[in-house]
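Notes follow the structure.
None of the figures in this text is laboratory data; all of them are computed from the coordinates on show. In this text the structure is predicted, and so the values were computed from the model without any measurement. All Cβ positions, glycine included, derive from the backbone under ideal geometry; neighbour counts span all protein chains shown.
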Amino acid sequence: MGAKVSKVGTIRVRREFSIIFLALVLIILTACSQTASKIEIGLSRADVKAILGVPGMVQEFKMPDQPLFFGPQEDLYKLSDPGTLILEWVYERGEEVLYVWFSRDPGRPTMNFRVIEFTTAPKDAIY
């Protein structure tokens, strides 16, 4: 004879599984947020890579003469002179995207790239 499983037992198992799954998701999201909170202005690329790992996407661009950006990049023009090379590293973290921007001090062109700004945005944001 096989064991009978009551509907109450099945519902209890599903509810417990849902609670465990939700707890794991919250732990993962918290860990990602805590990792991103370690990013600071002035960190080197090696520092950021040690904290966050290899970025999912890397772009570089020169700052335009006017603020042509919209979305997460729109305030970058206040931080660098036109023509300054900017590196953008992008990390997808669950439902968030973390952007990290690097530049050199224009008065010290031999200096390594350093974080000038970073921000997060919803993964599916449309700008």
Item to check | Order of SER37, SER44, SER80 - criterion: other Cβ atoms within 10 Å of each residue's Cβ, fewest first | outcome: SER37, SER44, SER80
Next on the checklist: Expected output is a single nm value to one decimal: the length gained when fully extending between ILE41 and ALA121, i.e. 0.36 nm times separation in residues minus the C-alpha distance. What is it?
Outcome noted: 27.0 nm
Checklist entry - Given charges of +1 on the Cβ of Lys and Arg and -1 on the Cβ of Asp and Glu, with all other atoms neutral, how large is the dipole of region 38-122 about its Cα centre, in debye to the nearest 20? => result 360
Item to check | Label-point gap, in nm, between VAL58 and LEU79 - each point 7 angstrom along Cα→Cβ | outcome: 1.8
